[in-house]
1. Exposed loop sites here are GluC sites (Glu not before Pro) in DSSP loop states with at most 16 other C-beta atoms within 10 Å. What is the longest stretch of chain C lacking them?
2. Can you sort D:248, B:146 so the residue with the fewest Cβ neighbours within 10 Å comes first?
3. By how many degrees, 0 to 90 and rounded to 10, does the Cα axis of helix C:190-202 deviate from the longest principal axis of chain C?
4. State the Cα centre-to-centre distance between the range D:16-65 and the range A:17-70 in whole Å.
5. Between the label point of residue C:231 and that of the same position in each other copy, find the distances and list them shortest first in nm, with every label point placed 7 Å from Cα along the Cα-to-C-beta direction.
6. Quick check on the range C:1-131: take the gyration tensor over C-alpha atoms, sort the square-rooted eigenvalues as a ≥ b ≥ c, and tell me if it's rounded (a/c under 1.5), prolate or oblate.
7. Nearest the rotation axis from C to D, which residue of chain C has its beta carbon, and at what whole-angstrom distance?
8. For peptide A:226-239, how many partner chain Cβ atoms fall within 10 Å of a residue's Cβ, on average?
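Nothing in this text is a laboratory measurement; each read-out follows from the coordinates by a stated rule. No experiment lies behind these values; they were computed from the predicted model shown. Note: ideal-geometry Cβ built from the backbone for every residue, glycine included; neighbour counts use all protein chains shown.
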Amino acid sequence: MSNIDLSVNIGSLKLRNPIMLASGTVGYGNEISEFSDLNKLGAIVTKSLSLKPRKGNPPQRIVETPAGMLNAIGLANVGVDVFLKEKIPFLKQFDVPLICNIAASSVEEYVECTRNLTSEETIKAFEINVSCPNVKEGGLQFGNDVNAVANVTAKVRAVTNKPLIIKLSPNVSYISEFAKVVKDEGGDAVSAINTLVGTSFNIFTKKPKIFNVNGGLSGPAIKPIALAKVLEISRKVDIPIIGIGGIMNWQDVVEFMIVGASAVQIGTLNFIDPTAPEKIIKQLEDYCIASNVEKLSNLTASYIL
Amino acid sequence: MSNIDLSVNIGSLKLRNPIMLASGTVGYGNEISEFSDLNKLGAIVTKSLSLKPRKGNPPQRIVETPAGMLNAIGLANVGVDVFLKEKIPFLKQFDVPLICNIAASSVEEYVECTRNLTSEETIKAFEINVSCPNVKEGGLQFGNDVNAVANVTAKVRAVTNKPLIIKLSPNVSYISEFAKVVKDEGGDAVSAINTLVGTSFNIFTKKPKIFNVNGGLSGPAIKPIALAKVLEISRKVDIPIIGIGGIMNWQDVVEFMIVGASAVQIGTLNFIDPTAPEKIIKQLEDYCIASNVEKLSNLTASYIL
Amino acid sequence: MFIVNSPVVETLQVHENIFIQKIHSPEIASIIKPGQFLNVRVSVNSFPLLRRPFSICDVNGENIFLMFNILGEGTKILAKKQKGDLIDILGPLGNGFNLEGEYKNAIIVAGGLGSAPFPLVTRIIKNSKNILSLVGGRSTQDIITYGMQNVQVSTDDGSQGFNGNVVQLLEKHLANIDNKTTKVFACGPNAMLRALKDFCIKNNLDCEVSTESAMACGFGICQGCPIESTTNDDKYLLVCKDGPVFNVKDVVI
Amino acid sequence: MFIVNSPVVETLQVHENIFIQKIHSPEIASIIKPGQFLNVRVSVNSFPLLRRPFSICDVNGENIFLMFNILGEGTKILAKKQKGDLIDILGPLGNGFNLEGEYKNAIIVAGGLGSAPFPLVTRIIKNSKNILSLVGGRSTQDIITYGMQNVQVSTDDGSQGFNGNVVQLLEKHLANIDNKTTKVFACGPNAMLRALKDFCIKNNLDCEVSTESAMACGFGICQGCPIESTTNDDKYLLVCKDGPVFNVKDVVI
Ligand SMILES: Cc1cc2nc3c(=O)[nH]c(=O)nc-3n(C[C@H](O)[C@H](O)[C@H](O)COP(=O)(O)OP(=O)(O)OC[C@H]3O[C@@H](n4cnc5c(N)ncnc54)[C@H](O)[C@@H]3O)c2cc1C
Ligand SMILES: Cc1cc2nc3c(=O)[nH]c(=O)nc-3n(C[C@H](O)[C@H](O)[C@H](O)COP(=O)(O)OP(=O)(O)OC[C@H]3O[C@@H](n4cnc5c(N)ncnc54)[C@H](O)[C@@H]3O)c2cc1C
Ligand SMILES: Cc1cc2nc3c(=O)[nH]c(=O)nc-3n(C[C@H](O)[C@H](O)[C@H](O)COP(=O)(O)O)c2cc1C
Ligand SMILES: Cc1cc2nc3c(=O)[nH]c(=O)nc-3n(C[C@H](O)[C@H](O)[C@H](O)COP(=O)(O)O)c2cc1C
Ligand code: FES
Ligand code: FES
């Protein structure tokens, strides 16, 4: 082993490397553990949890698009109680930071979920999903309303001392305004980006391919947009950023770090190659050696404009 | 010839078919006329014109991304005067509706451009580009500010009787709010979408690949997003929509019409296959015959949700 | 469940648009169960982005067989793979058919490409069970009987065999079916499976169907492949993990 | 300027990473000028999305030749094309070298893949002009002398020929160059062209360079390929349409 330092910090959360598995693309860890040594990863983020179990949307939930995919899973999840009882014991076996992602339909539900989970020591941080197309308040999506995001951040902050990450919506004009209120209300970091709203229709039936009509676009198609959002936040707000969107290889990880990410999450790629995250960690190490980067975290926001 | 009716109306503008060539992807028609019979097309839209000539951005202006490309041309154009003097005579030879796209740095410039062009009979309609990343007012992009869009629409409306199309920015939370003010202020139609803000970095130099840092993302990668934006407008606002974004074949045209487009524009595809628009028109006719569609315009907003 | 890079041995075009691909994959061949499937990455780049699911069609020694038709870009690329080209396979996936049990007569019902899993099924049970294979399609060019035994054919347009759908053909056999000693195994389009379900429930026939769904991962992490359960209203089953084979009683098709 | 679908005759690997592709394209072969280029669609799907520009390397009867190395996905796909595979070519594009004129001595300066356009140039002028070809690269494996005449080599690491860059090699010849009867034709990386420009202007040498740029369309409609003009500050020139060949005096490199 070399003495390359791949570790990164996200506020008070220290990760052995910047590679996290994104919410909704790793389940609760079981399946992916058959392909990959979870202990090698920076962190894993759970599927969005809600207070009660959610059945999710009827089929069809996904469709492929050019260099991307749309999904409208509808936040199918086991709910906080079953998660604590049935999923945590499995995850406890591993020495990988667990980040709990929470999705809810009201500020109260966000708060209650967090409160119920925060004493579980296996959980190392929270990621609040304010950007899922299924979460509405007053007809507006939470994630597109800067006051709602400020409010959720403040209220959740009040009930946990663990690192608090807010996962931002890209479907806004200026994402940095949202990062700013997160910082102001005591959030520790932001994740950017969640999926972009998209749709796809069957031209013969004239019906949407996805039951929910709209889905969230992920995959390499969105990488340029995600990079621009991370760069925008990085230039305007002093807050750690977790970069997400279309990462397919180690070069993409480096690119996200250069534009401002402290760490990254891998999503759609897990479906295509669940062994990729572990390989990417190795490749990042090789890159550091070849490029004389002693501390990978030095890359963060190292862009030259 | 069959008696299939491919014609469509955009307000008072009648086109022989819905296939238009998008602004910035056809120059002023000269080059593309070597590949394609312009008289077959529904319409061509000029490169964005400004009052004075613009040099545009230094290289590098474009970069390829997964199923897409970023461009930051910087609105390089010959300016209104040279356009009238040198480009119009060439375009006069053809029997294809010419739509003049205008980009400007202030409301006054939009108005003056339109005023100077509106008496030229070759020009059949105006498309106002409020969505180019290079057009700023008060630090905010025009296209992301609903009041600015309302204002530009009203002021330009006052100086021309020709059909007025506003080309909307997709970099907003709710594009239908913008379509609504366009309608309210007397616009005849909206074009959706312009490019999405994106970036791409060279990981070795840590510099942006594009001189302007950000560029506009186009191509098949953005098609699901463009479709969702067109559908959103179609469901909320009663105004003709010109669908744009990632069209690669006749199926994509049909898909845009189903979700609400009265006509479409082809952009990036022109670079790859300048003969494609003409082929697509033929294929649309074949499709109509095979599917017993007598009037192609019946497809518009024929979605079943 | 693992990922292997296995070389194509040959790609045969067995029908106008039907290909059988023989792949040397001892790892998969040694553990696969009939009715399981593989999730195949047809290109190393991101076009197409997602893997494509294919039933395991047959196994012979260290070789496995896929059967497919060209539908879109993915299958087009796959069909071009030649001897020695490597294919990135994730599998085996799903549960497979339960071929064990006391039944004496197996009725196989296949619609179109639904024939794909049955060569292996046939190979495994042919010495212990009586097999009747009913193969249906819209027209004669949809009929695939590769690797099947005791085949009867139905076509919607009457161009081959019985004129009608394959469930109607099964109905014609009803008098001769003893539901205590018979089990039905089926694969095909949803409309066929739905009709078959009604028929089997009405006639109290034990029946397992292999279902299809759009899929991203194929192994349970994306939640992209729900199918409604008849027994649990709070939760969908997953085609990729809980299926693709279900007892018709357990799912809403 | 048109679009043709032309079959590959053969793809030769002439060097570790250098390929020469022979394509049967009578339409292009009959009208191409030396220094022009073609915009090639390497796949029918959208991966990669854009065409890839390549200089015309040589023409022989109805066949044309491309020379390229594998850089990314596009050239990787191109290198795999075999006899009979069709290639979608848009061209010919750009202006080409002006080989006419009174000059007696042609000096060809090529860096790395910058050798690509010179086999055709050489073929055309070899009977009427004296040719000196200076070919440079970082190391011996970058040296491509295919189709060139009277070649001298320079390498940055001294592994072959002159130890230094190709402009320094040219400098060594300065004493023997009569700038009234000599014309320089060059192609290579920007750093080399920049140094060459300085040298030629200082020594009053007539010099045409073939430049490169990122490109989308290749024929003037996207405005994606600007190059700064020395004579008109209000407007960029376009590499694809006004170039790719420029007199060094006319452009800022
Ligand atoms: C468990 C399972 C087992 C399968 N086994 C086989 C098999 O053995 N042989 C075989 O030929 N096919 C099989 N399929 C279907 C196969 O996965 C699709 O034919 C294939 O993904 C099409 O890929 P493509 O890129 O060629 O087409 P695409 O371009 O992806 O699609 C072309 C058309 O096919 C439709 N389509 C895509 N995927 C599916 C799907 N999963 N089900 C139904 N329609 C679809 C699309 O909507 C589109 O209209 C199976 C599917 C599943 C889920
Ligand atoms: C007028 C012109 C003539 C050319 N003639 C030849 C030729 O005869 N032989 C030849 O091998 N190449 C030539 N090139 C360069 C050639 O177009 C690129 O090598 C090719 O596009 C790379 O495609 P790719 O998909 O393999 O690589 P990509 O995946 O597109 O890129 C791989 C790497 O190469 C860089 N790159 C991509 N395009 C270019 C470019 N245009 N210039 C410089 N770097 C680039 C990328 O930034 C990236 O780092 C020419 C370019 C131009 C503009
Ligand atoms: C199938 C699927 C399900 C997802 N579910 C969730 C979720 O439950 N909560 C969440 O915050 N993000 C969810 N996401 C978004 C991802 O975490 C990630 O932000 C997005 O996919 C972009 O990254 P990628 O391009 O690498 O996939 C989901 C994405 C996919 C593709
Ligand atoms: C190189 C390039 C230049 C463009 N220039 C303009 C422009 O000047 N004015 C404008 O309104 N849109 C411009 N566009 C946007 C296109 O008109 C179109 O809205 C966008 O490219 C999406 O369509 P596509 O995916 O089919 O390319 C440009 C697009 C590209 C790729
Ligand atoms: S396909 Fe991903 S869970 Fe079934
Ligand atoms: S490459 Fe499009 S104008 Fe030159």
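1. Result, exposed sites excluded: C:103-253.
2. Ranked by crowding around the Cβ, least crowded first: B:146, D:248.
3. It is inclined by approximately 30 degrees.
4. Here the answer is 45 Å between Cα centres.
5. Reported distances to equivalent positions: 8.5 nm.
6. The shape class here is prolate.
7. So the chain C residue sitting closest to the axis is C:47, 2.
8. Mean number of neighbouring Cβ atoms from other chains: 3.
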